[in-house]
Structures are given as structure tokens and as C-alpha cells.
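Some notes on the structure that comes next.
The values are calculated or read from the model by the stated rules, or taken from the named source; none is laboratory data. This structure is a prediction, so every number in the text was calculated from the model and none was measured. Cβ coordinates were reconstructed from backbone atoms using ideal geometry, including for glycine residues, and neighbour counts include every protein chain displayed. These accessible areas exclude ligands, DNA and RNA; they are computed on the full protein's heavy atoms, side chains included. Shrake-Rupley method; radii C 1.70, N 1.55, O 1.52, S 1.80 Å.
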Amino acid sequence: MSIQENAEQRSVPRLFIPGPVEVEDSIMQALTRPMIGHRAPEFSILGEEVHTLSQRFFRTQDPVFVLTSSGTGGMETAARCGVREKVLCFVNGAFSQRFFKVCDSNGKQATRVDVPWGEAVKPELVREELSRGDFDAVTIVHNETSTGVMNPLAEIAEVVAEFPDVFLLVDGITSAGAVPIHFDSLPPIDYLVTGSQKALALPPGLALLAVSERALERAESVENRGMYFDVLAMHKSWKKHQTPSTPTIALMQALKDRLQMILQDEDAWFGGHQEKADLVRGWAQGAFKLFAEPGYESVSLTCIENTPGISIADLNGFLREHGMFLSNGYGDLKEKTFRITHMGAISMADTEELLGLIDEFVAKS
Ligand SMILES: *Cc1c(COP(=O)(O)O)cnc(C)c1O
């Protein structure tokens with residue numbers, strides 16, 4: 001897999017940012033298939049294919065809903081339908097803070113537990129905090145895109161399982177697709193959200209949502225589920241391989257192709273992410289430093305501490321002259337860190353090219 005062959009002819013730079021990511025031509029072509037009616041028999045075929053592939057992708061018998069929304073819509077569904085009253089939100093970066101805000105703004109009693117940015121949420125902390133109150137749900141971001149930290153999901157889920165009434169809501173937006181997530185073999189997860197423009201390497205516009213059986217049961221007694229993000233409406237349509245409202249059919253075609261491609265050779269797909277992550281981590285430990293706590297470095301992206309104090313804005317200006325760009329640090333981490341993605345249609349050679357250019361920039365800074 002590599003960036004479009006016609007790289008020289010591109011008028012836009014290549015994306016080394018953690019979303020949206022590069023999408024190769026062969027997948028983009030799926031977007032041009034003829035339009036079909038979303039209540040026509042043709043759609044049921046596409047719906048069934050996509051639903052079955054999504055379940056295979058997450059290794060689950062539970063339903064996986066395909067939402068026409070960005071990832072945040074999946075988070076909103078989990079918050080609205082998965083929380084009865086009180087939710088505990090672990091915050092170790094910008095996106096876990098977003099999950100807290102999503103819960104809070106949907107009228108749930110949300111309590112946040114802050115962990116320093118760059119550090120992981122540890123299972124012991126989850127146990128300690130859950131013991132303090134009568135929470136009915138917990139939110140966690142598996143991979144914090146703002147800090148390049150991957151939280152230990154399986155260990156956290158194991159701890160949450162010690163509290164049978166507490167449901168686990170997981171933002172896997174930049175993890176599902178970068179690392180395998182086997183929904184049914186993990187300790188129970190109730191909502192698992194992902195988004196198309198991150199580790200699934202598709203254009204933006206879709207969220208995938210795996211939901212446990214007990215979460216569907218609980219939703220029946222949760223009030224104010226709204227309409228667009230009502231998980232029970234999604235479930236009802238899903239049984240007919242449909243969606244409650246008009247889905248983004250073109251993107252579902254691309255999702256079908258992407259999932260088929262991943263499932264054909266999962267080792268190559270996931271191995272490719274790890275290989276790029278290893279390359280960038282090794283390189284960064286020379287002139288720079290990794291921002292993530294050791295042992296919790298993300299496979300999806302690497303967040304690098306700007307130890308030599310170069311201008312990241314100028315670095316990006318230089319990279320743009322060479323037809324690419326990366327991400328500056330998020331929020332307060334701007335100029336203090338920068339981020340390189342391992343998601344999307346970029347090869348090892350593309351990544352090596354980027355690193356070579358950064359070296360060149362640092363040498364003349
Ligand atoms: C990008 C991102 C989101 C937000 O997703 P949208 O698709 O922009 O709504 C949420 N969580 C994480 C971890 C992300 O990386």
C-alpha cells in the first residue's frame with residue numbers, strides 16, 4: 001500500500017497527520033459506483049455485506065452499527081444511550097476530555113479523573129476511582145491522538161468487569177484498525193466507537209459502533225435517547241440490514257472494500273502500522289524524545305517531544321514545499337511536540353522520506 005502513484009501531479013500535500021489520513025486510489029474508486037436507493041433491495045445486499053464484514057473485523061457476534069456521522073456521533077450515542085445517570089470519565093488528553101464534554105452536555109452526571117497528558121490511564125487507578133462512587137458507566141479513549149498514548153484497554157476492561165453494573169464506553173477511533181480489537185474475546189466492552197478517517201483509512205463521514213447485548217437492554221430504560229443517535233433505532237434497522245435514516249452509501253461502498261482488504265491479510269495490515277511506528281520511534285530517540293510514557297507508545301501515531309526546540313510551524317512550511325505535512329502538537333502541546341501518523345495509505349518508504357526531510361530541516365536550523 002502506498003500513496004497515489006501520481007504523487008507529483010497532486011496539488012495537495014500528502015497527509016502525515018493523524019486524520020484525515022491518506023486513502024489510496026483503489027479505495028477512492030469505490031466512491032464512484034452508481035448510487036442505489038437506501039430502501040431498495042440492492043441496499044440490503046450492501047448493508048448485509050458491510051454489517052457482516054464489520055462483525056468479522058471486530059470479531060464479534062454483537063451488532064456493529066454504521067453511522068453516518070464523524071466519530072463524535074458514535075461517542076454521543078454511547079453517552080446518550082449507555083449512561084443512565086453517573087459516568088466516570090478518565091481524561092489524559094484532548095479526546096478523552098471531549099468524551100467527558102459529550103457526556104456532560106448530554107445531561108449525564110459526569111465526573112472527570114485527570115491523568116497528566118502523556119501518561120496512560122492505569123487499571124489500578126480505574127479500580128480505585130470506581131470504588132469511590134456508584135457510577136453506572138466509564139469512558140476511556142483507547143488511543144489518545146493528542147498525546148500518542150495507547151491506554152491498556154484489556155487490563156482496564158478487566159478491572160471494569162469487577163463492577164458488574166458499570167458499563168464500559170470506549171473511544172477506539174484511532175485504535176480500531178491500527179491494532180486488532182477482538183470485541184468478544186476481551187473482557188466486556190459495551191460501546192466501542194471508531195471513525196472512518198483515522199485507522200480505517202477512509203474519507204471522513206462514517207462511525208462504526210459495536211454494542212454489547214446488555215447495553216442494548218439497558219438502553220430501553222434510558223430516557224432522552226434522542227432520534228439520530230438512538231441505538232435502539234439503529235438496532236431495529238440493522239436487523240433488516242438497513243439504517244434509520246439515509247446513510248452515506250458511497251462511503252459504505254468504500255468501507256466494504258477496505259474491510260475486505262484488511263481481512264484478506266490482517267497480519268500485513270496491522271504489521272505495517274507496527275513497522276512504521278517502530279521506524280519513527282527509533283528515529284525520534286536520536287534527535288528528539290518520545291512524548292508518551294514508556295511502554296504505552298501508540299501504534300497509530302507517534303507524538304514527539306521537540307527537545308531541540310525547532311519551529312514546528314517552519315518545519316511544516318518546509319515539508320509543504322516538498323508536498324507533505326505533519327501535525328503540530330495539540331492545544332498546549334503546540335510547538336512543544338509534533339505528531340506523525342502511521343495510519344492511512346503511507347508506506348515505509350514514504351515515512352523514511354518524511355524523516356529524511358525532518359533531519360535535513362533540523363540540520364540547517
Ligand atoms: C479524531 C478523534 C475523535 C473525533 O472524531 P471526529 O471524527 O472528528 O468526530 C475522537 N476521538 C479520537 C481519539 C480521535 O482521534
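Of all residues in region 210-222, those being more than 19 Å from THR60 (Cα to Cα) and touching a Cys at 6+ places or on another chain (Cβ under 9 Å) number 3. Pairing residues of region 69-89 that are not assigned by TED's automatic domain parsing to the domain that holds ALA219 with residues that are open to solvent by 50 Å² or more (accessible area, probe 1.4 Å) and near the ligand (Cβ under 9 Å from one of its atoms), at Cβ distances under 9 Å and at least 6 apart in sequence or on separate chains, gives no pairs at all. Candidates are the residues of region 152-184 that are β-branched (Val, Ile, Thr) and under 19 Å from LEU216 (Cα atoms); the one that is surrounded by the fewest Cβ atoms within 10 Å (Cβ to Cβ) is VAL166.
Please state which one of PHE99, PHE90, PHE95 is open to solvent by 10 Å² or more (accessible area, probe 1.4 Å), within 16 Å of the ligand (Cβ to nearest atom) and in contact with a strand residue (DSSP E or B) (Cβ under 9 Å, 6 or more places away or on another chain). The unique qualifying residue is PHE95. Taking first residues from region 199-225 that are under 20 Å from ASP165 (Cα atoms) and at pLDDT 95 or above and partners that are of a type in the set (Phe, Trp, Tyr) and assigned to a loop (DSSP other than H, G, I, E, B), the Cβ contacts under 8 Å between residues at least 6 apart in sequence or on separate chains come to ALA210/PHE58; ALA210/PHE183. Pairs linking a residue in region 102-126 that is closer than 23 Å to GLY71 by Cα and of a type in the set (Lys, Arg) to a residue that is open to solvent by 20 Å² or more (accessible area, probe 1.4 Å) and not in a strand (DSSP E or B), with Cβ atoms under 7 Å and 6 or more positions apart or on different chains, are LYS108/GLU85; ARG112/PHE100. Taken over region 43-61, the criterion of being open to solvent by 10 Å² or more (accessible area, probe 1.4 Å) and either modelled with pLDDT under 95 or among the small types (Gly, Ala, Ser) (or both) is satisfied by SER44 alone. Residues that are within 16 Å of the ligand (Cβ to nearest atom) and in the same structural domain as ALA219 (by TED's automatic domain parsing) are absent from region 37-60.
When the residues of region 109-123 are filtered to those that are β-branched (Val, Ile, Thr) and within 16 Å of the ligand (Cβ to nearest atom), the one that is farthest from the chain's Cα centre (by Cα) is VAL115.
Selection over region 81-124 of residues that are in contact with a helix residue (DSSP H, G or I) (Cβ under 8 Å, 6 or more places away or on another chain), aromatic (Phe, Trp, Tyr) and closer than 25 Å to LEU232 by Cβ gives a count of 1. Selection within region 326-365: residues that are surrounded by 18 or more Cβ atoms within 10 Å (Cβ to Cβ) and among the β-branched types (Val, Ile, Thr). The member of this set that is farthest from ALA199 (Cα to Cα) is ILE358. Within region 187-217, the residues that satisfy the criterion of being surrounded by fewer than 20 Cβ atoms within 10 Å (Cβ to Cβ) and under 27 Å from PRO123 (Cβ atoms) are PRO187, PRO188, GLU213, ARG214, LEU216, GLU217. When each of CYS89, CYS81 is tested for being in contact with a Phe, Trp or Tyr (Cβ under 6 Å, 6 or more places away or on another chain), modelled with pLDDT of 95 or more and closer than 22 Å to PHE183 by Cβ, the lone residue that passes is CYS89.
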